[in-house]
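No lab work stands behind these numbers, since they all come straight from the coordinates. None of the values given here were measured: they were computed from a predicted structure. Using ideal geometry, Cβ is built from the backbone for each residue, glycine included, and neighbour counts are taken over all protein chains shown.
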């Protein structure tokens with residue numbers, strides 16, 4: 001318990017998944033160790049014991065599986081403590097796809113960090129209430145502990161071995177947007193009064209150099225001055241549209257230019273993936289490589305879905321497919337076609353706009369199409385108006401069971417015919433065999449009931 005009757009942050013399911021991965025494939029232990037996990041990372045003591053058994057087997061160069069782990073726990077006299085052989089079997093059965101291992105490792109580490117911060121906060125409160133409390137000592141201890149929790153400590157490297165001034169300067173130059181002095185302290189491990197004085201002097205020099213500036217009246221807050229821009233030769237820029245094909249002939253209404261971001265916001269069962277696979281089919285032989293990132297399914301399901309296209313053999317498909325759940329901007333191919341199916345965001349929907357901007361900023365002559373979840377009663381996908389800012393085209397897919405589906409042009413910035421506004425247009429369609437799209441009507445502006 002963390003105090004006040006509240007339970008510490010934990011995810012027993014994630015811990016079971018990670019341990020189950022090792023029992024099924026001992027090579028997963030290296031992935032876990034490389035991520036910095038230790039037995040202390042586990043909330044449930046029994047799980048920490050099982051993890052220690054893995055480490056013992058690995059150290060003695062013995063194989064790690066259900067039987068050897070049970071024997072090792074028996075030798076440690078801990079087999080009954082963890083729940084017996086039956087619980088080890090449960091762990092083996094607890095995993096889904098090993099591809100998800102990094103995701104669950106991240107969950108465990110974050111929960112462990114939260115527990116550490118709670119304990120540190122309780123200790124810091126006690127220190128502050130002490131009659132002999134000294135602010136500087138408490139702060140130095142707190143910052144040092146937070147650095148350790150954050151995983152930024154450079155083990156074995158003393159302050160004498162580092163050029164603090166250079167570290168601070170490099171940290172600032174690698175930072176974008178608004179930042180605070182204490183954030184720099186944590187990152188570069190400025191703990192002592194002397195360290196902080198050095199940091200303030202470096203900041204003052206950077207202000208004079210015009211590399212950073214103070215943010216309003218907020219004491220200790222600064223922002224990077226981004227004054228390096230690349231001038232665009234707009235006179236020689238092409239006015240031609242990007243050669244990109246859409247289901248239902250959407251390219252006859254809307255055109256896209258290189259570097260465009262598109263969002264497809266779809267309700268459940270509205271056909272987001274079917275729509276994305278049809279984009280692959282229509283564009284895979286037009287001169288640009290297609291990169292399809294899925295957060296939802298793997299190769300087995302993809303193969304099954306592609307088999308539904310009866311007019312194409314599996315050998316005819318020509319695109320790159322991989323799994324990804326976050327940080328999509330890191331895998332964007334600037335001059336090619338990037339399809340992201342889909343953003344998995346269940347909280348903090350306001351982050352959608354920022355994530356879309358990161359993707360948009362990575363584009364060159366290519367295009368990115370991002371699928372989002374959409375609630376049935378919402379006028380756009382998760383992220384609301386934040387998600388409308390960067391896309392040049394924003395489409396809604398709505399499920400009208402049993403009548404079929406509807407696609408709506410929520411936002412279109414570039415019209416093919418300047419006299420024909422496509423914004424708000426809709427088209428009814430049906431999905432067959434999980435992938436074949438058939439229109440039920442033409443594009444039209446619906447008449448809304450008054």
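Helix 45-59 versus the longest principal axis of the chain: what is the Cα-based angle in degrees, 0 to 90, to the nearest 10? The helix 45-59 is inclined about 90 degrees to the chain. With a simple spin-label model that places each label point 7 Å from the Cα along the Cα-to-Cβ direction, the separation between residue 205 and residue 45 comes to 5.3 nm.
Arranged by the count of other C-beta atoms within 10 angstrom, fewest first, what order do 445, 47 take?
Values: 445 12, 47 21.
Least to most surrounded, the residues fall as 445, 47.
Take residue 286, project a point 7 Å from its Cα along the Cβ direction, then tell me which residues of the range 299-318 have their backbone nitrogen under 18 Å from it. Only 317-318 fall inside the zone, counting backbone N under 18 Å. All C-alpha to C-alpha distances of the range 247-439, sorted into 5 Å bins beginning at zero, yield P(r) values of 1, 8, 16, 21, 22, 18, 10, 3, 0, 0 percent in whole numbers. Its relative contact order, with pairs defined as Cα atoms under 8 Å and 6+ residues apart, puts the range 382-450 at 22 percent. Report the calculated FRET efficiency for residue 33 and residue 318 (r = Cβ-Cβ distance, R0 = 45 Å), to the nearest 0.05. Calculated value: 0.70.
Each residue in 275, 386 was given a count of other beta-carbon atoms within 10 angstrom of its own, and listing them fewest first yields 386, 275. Look at where the Cα atoms of the range 107-136 and of the range 6-23 average out, and the two centres are 24 Å apart. As a proxy for reagent exposure, ranking 218, 235, 392 by other Cβ atoms within 10 Å from fewest up yields 235, 218, 392. With kT/(6 pi eta Rh) evaluated at 4 °C and eta = 1.567 mPa s, and Rh the Kirkwood radius from Cα pairs, the range 367-450 diffuses with a coefficient of 91 µm²/s according to Stokes-Einstein. To the nearest Å, what is the center-to-center distance of the range 383-450 and the range 35-98, using C-alpha atoms only? Taking the Cα centre of each part, the range 383-450 and the range 35-98 sit 52 Å apart. For the chain, the longest principal axis of the Cα atoms and the long axis of helix 193-208 meet at an angle of about 30 degrees.
Taking every Cα-Cα distance in the range 262-314 and sorting them into 5 Å bins starting at zero, the pair-distance distribution P(r) comes out as 4, 15, 26, 29, 18, 6, 0 percent.
With respect to the chain, whose longest principal axis is taken over its alpha-carbon atoms, helix 101-129 is tilted by about 50°.
Spherically averaged projected area of the convex hull of Cα atoms, the chain: 32.0 nm². Note on residue 257/residue 90: beta-carbon distance plugged into 1/(1 + (r/R0)^6) with R0 of 51 Å gives a FRET efficiency of 0.40.
Over all pairs of different C-alpha atoms, the range 12-110 has a mean inverse distance whose reciprocal, the Kirkwood radius, equals 13.1 Å. Shown here are the Rg and Dmax of the Cα trace of the range 186-314, at 25.3, 72 Å.
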